[in-house]
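One structure is given here, and the rest of the page talks about it.
Readers should treat all values here as calculations from the given coordinates under stated rules, not as data from a laboratory. Bear in mind that the values here come from a model prediction, so they are computed numbers and not experimental data. Because the Cβ atoms are built from the backbone with ideal geometry, glycine has one as well, and the counts that use them run over all protein chains shown.
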Amino acid sequence: MRSFLFEDIWMLSRRDRRARRVEFHSGKNLILGRNHTGKSSLIKTLFTTLGARPEGELSQWDENTISKVGFSVDGHRFSVLHQTGTRALFDPEGRILASTGDHGEWSAAFADVTGFNLPLTDKQSRTVPADPKCFFLPFYINQDGSWQTDWNTFTGLAQFKAPIGSILEYFSGIKPPEYYEAKAKRDIEQQVLDNLRKERGFLEKARERVGKSFSMSGPKIEPENFKIDIEQLTTEVNSINKRQEILRDQAVKERELLSSIHLQSNLANEALSIYEGDSQFLRSEPREVLVCPVCNAEHSESFLDLLTYAEDARSLRDITVRLRKDAREIENKLSRTNTEIAALEQSYRKVAALLSTRRGDMQFSQVVESMGAEKAFRAFEDERVILETEMSGHLLEHERMTEAMSKLTDRNRSKEILKIFREAYSAALVELSLPMTDTGKAKLTSRPNLSGSGGPRSVLAYYAALWAACYGEKGSFRIPLVVDSPNQQGQDHINLPKVISFLSGRLPRGAQLILGSEIDTDIPFDRKIELTEQYKMLSESDFDEAEVALGPLVSAMYLKA
């Protein structure tokens, strides 16, 4: 079972000149604060940074806030930097492993570093990789959407077709990562087998055609008998040659376009470098106090200049991100064009070499040597044996992967996992003072639908049962359990402490818990993060330190994106 842990988060608002850093304990963390002190902002920023945007808007939050989340996977540390949709992944030494403004590319980078290999189906029935919101979905209770009957935890889940069942089966171990690893290998073997079978089919058709044309009693010795074959091969060579010319012309145009995009990108990066110097000058040089004509606030620096430069920089960064995305698309097109050219050149050489022995002033001995029926059929048989041998090896590996998949999804394994889920569900209902229901046939997707103040507690009981299954012996990942504001729908002075006590003491052993709560508790937590001022989670006193820590990383991210 792999382990994912949150370590810390930086948040920096250049607009407000405020920042904050929060460190998380590997055990139980309590984020304490009244309404509007920033509990949800902190938690939502944690997930948004990693590419999973929670449901719910953040009041008075700077949309251009820079955030950096530190996390570990099986003890290996990484960090992710984010600003307005652009993200960069860093190793512990600060080296960029990936940087992009494209969600699909970011999802692939996140999957590589976490080992998250779940495939899903999109609305067009295409197989696509699951993204970060699918990774965190079973483990985060969002106050804006998760406490009701539907899975409204993150935005964008509708891009997938019925993803919930597959996600829960993946993390509970009913269809674990090893299943999808075996399936991916089997799919590769199946593709190879399909190609080999096609090749064998072509070979058999060619043999059949040769058999109709040639007599087995001896070779053809009249050059006139080859006239049709020669004409067909000549036509094929000419067709290949024309296609090559078209593709080469296309490749030249794509190279020129790619060169132009790189030039534009370099110019934008140079302009950004100049901006960094000007911006630093505006921040650091002393100047006379300016009085705002609207609110009479005094400013020690030209905030109008800063805002103008910041807007120019955002535009330049957007341009560089789009240019790099365009460059990657052109590079992919150029790669496909070159691949097609190479394939055509190989076909051209084969057919041209064959033609060189068949057209022109052929000698009688050349015809007999190259076109003897016995020699032709012997070549067909040799090639068939090679294909059959290669196919048998891939077929054996295909069967081995199919067997592995069957073992990982057998009925007994599923029964054991569902038993853990159902027993934990029943126990949680009792602990949270809810009416007993028959959980004996409950499915992983059986999300409750209970009205009144018992509704949120029934949802918590359901999540607790999921967590028990996911953290069980056959689970796939240990992912932090994040619960935002359990005081939903008027939990009274008896039930609310019971909920907090349940979250603190009845969750899977070894789980990292991050709980956002409006009320304090005597129940011990490993770390308590107190937020006291409304709409001021970020602090002016932390701005300079955060700017020094994050500023160079932001510049590096946009240069690489």
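Taking a point 7 angstrom from the Cα of Asp74 along the C-beta vector, which residues in the range 5-41 have backbone N less than 18 Å away? What the label zone holds, given the 18 Å backbone N cut-off, is 5-6. Between Ile31 and Leu515, Gly516, Ser517, Ile529, the built amide H atoms are under 5 Å apart, and every one of these is 5 or more places off in sequence or on another chain.
Between Glu397 and Lys560, the contour length at 0.36 nm per residue exceeds the Cα-Cα span by 54.7 nm. With θ taken as phi - 60° and the Karplus curve 6.51 cos²θ - 1.76 cosθ + 1.60 applied, the whole-hertz 3J(HN,Hα) list for the range 420-430 is 4, 4, 5, 5, 5, 4, 4, 5, 5, 4, 5 Hz, x standing for glycine and proline. Distant-in-sequence amide contacts of Thr121, defined by a placed amide H-H separation under 5 Å and a gap of 5 or more residues or a different chain, comprise Val128, Lys161. Distances between placed amide hydrogens fall under 5 Å for Glu7 paired with Gly70, Phe71, Ser72, all partners being 5 or more residues away or on another chain. Couplings for the range 431-437, taken from phi via the Karplus curve 6.51 cos²θ - 1.76 cosθ + 1.60 with θ = phi - 60°, read 4, 9, 6, 10, x, 5, 10 Hz in order; Gly and Pro are left as x. For Val430 and Ile523, the FRET efficiency from 1/(1 + (r/R0)^6), where r spans their Cβ atoms and R0 equals 25 Å, is about 0.85. The calculated FRET efficiency for the pair Glu199 and Thr235, based on their C-beta separation and a Förster distance of 30 Å, comes to about 0.85. Ordered by the count of other Cβ atoms within 10 Å of each Cβ, fewest first, Ile141, Ile164 give Ile164, Ile141.
Taking square-rooted eigenvalues a ≥ b ≥ c of the alpha carbon gyration tensor, is the range 505-561 rounded, prolate or oblate, where a/c under 1.5 means rounded and, failing that, a/b exceeding b/c means prolate? Taking the square roots of the gyration eigenvalues as a ≥ b ≥ c, the range 505-561 is oblate.
From least to most packed, judged by other beta carbons within 10 angstrom and beginning with the fewest, Met436, Met11, Met537, Met405 follow the order Met436, Met405, Met537, Met11. Gain on full extension, evaluated as 0.36 nm per residue between His36 and Asp150 minus their Cα-Cα distance, stands at 38.5 nm. With neighbour counts taken as other beta-carbon atoms within 10 Å, the residues Phe171, Phe525 rank, fewest first, as Phe525, Phe171.
Pairs of Lys residues in the range 1-133 that lie 8 or more places apart, or on two chains, and have C-alpha atoms under 19 angstrom apart add up to 7.
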